[in-house]
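*Asks:* Quick one: the structure is below, questions incoming.
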Amino acid sequence: MDPLRVGVIGCGNISGIYLDNLAAYPETEVVALADLDLDRAAIVATARGIGRVLTPEQLLNDEAVDLVLNLTVPKAHAEINLAAVEAGKHVYTEKPFALTTREGRMVLEAARRNGRFVGGAPDTFLGAGIQACVDAIDQGLIGDVVAANAFMMCHGHESWHPSPEFYYEVGGGPMFDMGPYYLTALVALIGPIRSVQAMTRITFPERTITSEPKQGQKVPVETPTHLAALLEFENGAIGQITTSFDIWHHTMPHLEIYGTEGSLRVPDPNGFGGEVWVRRAGDAEWNPVQIGQAYSQNSRGLGVRDMAYALCVGRAVRAGGELAYHVLDAMEAVVRSGERGERVTLESWVERPARLAGEPFANG
Ligand SMILES: NC(=O)c1ccc[n+]([C@@H]2O[C@H](COP(=O)([O-])OP(=O)(O)OC[C@H]3O[C@@H](n4cnc5c(N)ncnc54)[C@H](O)[C@@H]3O)[C@@H](O)[C@H]2O)c1
């Protein structure tokens, strides 16, 4: 197959690993870079030998670009995704898919209208760690899934991030920042979510930046920073997820899945590899589950590779827009449930994504 010609908009922190990986995959070729900050795009282009630096608008209308890879900041995602599909491009976006389901729906509908494919991060669930967990569940190692616990708790990002303000704005907070990894992994492992019931709070109404260059600057907190939610899955399993920027220390696992015949310890869903442990009903201790070599390191961009192949053979995309939208729907429902003090039923549904095994690129 000819490589899919990718144009990247947003040449910040996360772009490096995408550019490394997409250069190594035969299914993808990065042909142009764009950024609001053209100097930044030019520096990256020179370092990587990528010939073309364009404004975002030029890139969106460039004939040599098949897919727009949107690595901009969250509040720019939906607008660029929409413009890309309206311009006849496929698009793959960093998380979150959009800041609201209303915006997200507009992107999906425009993509459908224009016959374009949409995909979205995270693609960590396609990594060796979580795929080993998917296999373990599919092989019946823990029986039918009963429940799950997920914890992402820390004290926020103002101690290290140079511009942490957006983490405390609407559309930020620990749920929109880290929830996509956990919820996408849960959907990949258990299936779609039907409803949520949450309690949320803002513990510190103001944050003080302690990182450079904004040390001492105060940041008002506009969005919940501690969110605890119950998740009802379509198959009847009950999940609990806590995402927090209000916790100094804890000893909870990232993610555990409990079945009728045993328990599964899932690695950090913000990574591709990690350790997988299982303990069946009669086991005296936890036992390691072997994970594959391929995609056990940082493989951001694997979702784009899968998308390029899906476009070529005409099958569904694994890290697809419908999945990213379902996760957005769940995150928004958690925030809304916390505000209203009532259970919220999701309006979206998505099929559990297929395992990566069997694809020609499944082994690296
Ligand atoms: N940094 C990480 O470790 C990390 C990890 C996973 C995911 N992400 C996600 O990746 C995305 C980007 O994060 P980052 O850390 O690279 O941010 P960043 O601020 O380092 O880079 C974003 C880039 O996008 C550009 N940009 C912003 N708005 C734009 C617009 N409207 N048009 C064109 N360019 C625009 C900025 O100039 C900047 O160069 C975010 O959605 C984030 O959630 C980041």
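*Asks:* What pairs come out if I take residues in the range 38-51 that are more than 17 Å from R5 (Cβ to Cβ) and aromatic (F, W, Y) and pair them with residues that are surrounded by 15 or more Cβ atoms within 10 Å (Cβ to Cβ) and at pLDDT below 95 whose C-beta lies under 7 Å away, six or more apart or interchain?
*Replies:* Cβ pairs passing all conditions: none.
*Asks:* Further, regarding this structure: Going by the structure shown, is P288 surrounded by fewer than 22 Cβ atoms within 10 Å (Cβ to Cβ), without any contact (Cβ under 8 Å) to a residue 24 or more places away in the chain and more than 21 Å from L227 (Cβ to Cβ)?
*Replies:* Values: surrounded by fewer than 22 Cβ atoms within 10 Å (Cβ to Cβ): yes; without any contact (Cβ under 8 Å) to a residue 24 or more places away in the chain: yes; more than 21 Å from L227 (Cβ to Cβ): yes.
Considered against the rule, which asks whether it is surrounded by fewer than 22 Cβ atoms within 10 Å (Cβ to Cβ), without any contact (Cβ under 8 Å) to a residue 24 or more places away in the chain and more than 21 Å from L227 (Cβ to Cβ), P288 comes out as yes.
*Asks:* Has the range 314-336 got any residue that is surrounded by fewer than 13 Cβ atoms within 10 Å (Cβ to Cβ), farther than 30 Å from V6 by Cβ and either in contact (Cβ under 8 Å) with a residue 40 or more places away in the chain or not aliphatic (A, V, I, L, M) (or both)?
*Replies:* No, the range 314-336 contains no residue that is surrounded by fewer than 13 Cβ atoms within 10 Å (Cβ to Cβ), farther than 30 Å from V6 by Cβ and either in contact (Cβ under 8 Å) with a residue 40 or more places away in the chain or not aliphatic (A, V, I, L, M) (or both).
*Asks:* Residues of the range 86-110 being away from the ligand (no atom under 11 Å from the Cβ), touching a Leu at 6+ places or on another chain (Cβ under 9 Å) and over 19 Å from A333 (Cβ atoms), which ones?
*Replies:* If the condition is that a residue be away from the ligand (no atom under 11 Å from the Cβ), touching a Leu at 6+ places or on another chain (Cβ under 9 Å) and over 19 Å from A333 (Cβ atoms), then E86, A87, K89, H90, V91, Y92, A110 are the ones that fit.
*Asks:* Check whether at least one residue in the range 7-30 is among the small types (G, A, S), modelled with pLDDT of 95 or more and at positive phi, and report yes or no.
*Replies:* Yes, some residue in the range 7-30 is among the small types (G, A, S), modelled with pLDDT of 95 or more and at positive phi.
*Asks:* Related question: Somewhere in the range 112-126, is a residue within 11 Å of the ligand (Cβ to nearest atom), within 18 Å of the chain's Cα centre (by Cα) and either part of a helix (DSSP H, G or I) or modelled with pLDDT under 95 (or both)? Quick ask: steps written out before the conclusion?
*Replies:* Taking the range 112-126 first, the residues within 11 Å of the ligand (Cβ to nearest atom) are 120-124.
Adding the requirement that they be within 18 Å of the chain's Cα centre (by Cα) leaves 120-124.
From what's left, either part of a helix (DSSP H, G or I) or modelled with pLDDT under 95 (or both): 124.
Yes: the range 112-126 contains one or more residues that are within 11 Å of the ligand (Cβ to nearest atom), within 18 Å of the chain's Cα centre (by Cα) and either part of a helix (DSSP H, G or I) or modelled with pLDDT under 95 (or both).
*Asks:* Further question: When R265 is evaluated against the numbered criteria (1) part of a loop (DSSP other than H, G, I, E, B); (2) without any contact (Cβ under 8 Å) to a residue 40 or more places away in the chain; (3) charged (D, E, K, R), which criterion, by number, is the only one it fails?
*Replies:* Evaluating R265 over (1) part of a loop (DSSP other than H, G, I, E, B); (2) without any contact (Cβ under 8 Å) to a residue 40 or more places away in the chain; (3) charged (D, E, K, R) leaves (1) as the failure.
*Asks:* Right, another one. Going residue by residue through the range 55-68, is there one that turns out to be within 14 Å of the ligand (Cβ to nearest atom), within 26 Å of Y181 (Cα to Cα), assigned to a helix (DSSP H, G or I) and not polar (S, T, N, Q)?
*Replies:* Within the range 55-68, none of the residues are within 14 Å of the ligand (Cβ to nearest atom), within 26 Å of Y181 (Cα to Cα), assigned to a helix (DSSP H, G or I) and not polar (S, T, N, Q).
*Asks:* So, one more: Pick out the one residue from R355, R318, R336, R343 that is at pLDDT 95 or above, more than 18 Å from N149 (Cβ to Cβ), charged (D, E, K, R) and under 16 Å from the mean Cα position of the chain (by Cα).
*Replies:* R318
*Asks:* So, restricting to strands (runs of 3 or more DSSP E) that lie completely within the range 184-250, which ones have at least 1 residues that are basic (K, R) and not assigned by TED's automatic domain parsing to the domain that holds T100?
*Replies:* Counting at least 1 such residues, we get 193-201, 206-208, 218-220.
*Asks:* Quick one: would you say G301 is surrounded by 22 or more Cβ atoms within 10 Å (Cβ to Cβ) and touching a Ser or Thr at 6+ places or on another chain (Cβ under 8 Å)?
*Replies:* When the stated conditions are applied, G301 passes them.
*Asks:* Considering only the range 22-42, state which residues are within 16 Å of the ligand (Cβ to nearest atom) and either in a loop (DSSP other than H, G, I, E, B) or polar (S, T, N, Q) (or both).
*Replies:* Once the filter is applied, which keeps residues that are within 16 Å of the ligand (Cβ to nearest atom) and either in a loop (DSSP other than H, G, I, E, B) or polar (S, T, N, Q) (or both), the range 22-42 yields D35, L36, D37.
*Asks:* OK, next. Please state which of the following conditions V8 fails to meet, knowing it meets all the rest: (1) within 22 Å of the chain's Cα centre (by Cα); (2) within 15 Å of the ligand (Cβ to nearest atom); (3) surrounded by fewer than 23 Cβ atoms within 10 Å (Cβ to Cβ); (4) not in a loop (DSSP other than H, G, I, E, B).
*Replies:* So V8 meets the others, but not (3).
*Asks:* Only one of (1) part of a strand (DSSP E or B); (2) surrounded by fewer than 22 Cβ atoms within 10 Å (Cβ to Cβ); (3) not aromatic (F, W, Y) fails for S296. Which number is that?
*Replies:* Unmet for S296, out of (1) part of a strand (DSSP E or B); (2) surrounded by fewer than 22 Cβ atoms within 10 Å (Cβ to Cβ); (3) not aromatic (F, W, Y): (1).
*Asks:* Report whether or not R112 is farther than 29 Å from L356 by Cα, surrounded by fewer than 21 Cβ atoms within 10 Å (Cβ to Cβ) and without any contact (Cβ under 8 Å) to a residue 12 or more places away in the chain.
*Replies:* no
*Asks:* A further question follows. For residues in the range 268-289 being aliphatic (A, V, I, L, M) and in a strand (DSSP E or B), which is farthest from N149 (Cα to Cα)?
*Replies:* V289
*Asks:* Across the range 257-306, what is the total count of residues that are of a type in the set (S, T, N, Q) and away from the ligand (no atom under 16 Å from the Cβ)? Quick ask: steps written out before the conclusion?
*Replies:* Looking only at the range 257-306, we keep the residues that are of a type in the set (S, T, N, Q), and these are 260, 263, 270, 287, 290, 293, 296-299.
Subsequent filtering for residues that are away from the ligand (no atom under 16 Å from the Cβ) retains 260, 263, 287, 290, 293, 296.
Qualifying residue count for the region: 6.
*Asks:* Also: Can you run down the residue pairs with Cβ atoms below 6 Å, 6 or more apart or on separate chains, where the first is in the range 148-172 and surrounded by 16 or more Cβ atoms within 10 Å (Cβ to Cβ) and the partner is at pLDDT 95 or above and among the small types (G, A, S)?
*Replies:* As it stands, the answer is A148/G239; M153/S244, since those pairs meet every condition given.
*Asks:* Examine the range 14-21 for a residue that is near the ligand (Cβ under 10 Å from one of its atoms), closer than 24 Å to A83 by Cβ and in contact with an Asp or Glu (Cβ under 7 Å, 6 or more places away or on another chain), and state whether such a residue exists.
*Replies:* yes
*Asks:* If you take the residues in the range 171-188 that are among the aliphatic types (A, V, I, L, M) and within 16 Å of S337 (Cβ to Cβ), which one is farthest from the ligand (Cβ to nearest atom)?
*Replies:* L183
The values are calculated or read from the model by the stated rules, or taken from the named source; none is laboratory data. Note that the coordinates shown come from a computational prediction; the quantities given were computed from them, not determined experimentally. Quick reminder, even Gly has a Cβ in these numbers, built from the backbone with ideal geometry, and neighbours come from all protein chains shown.
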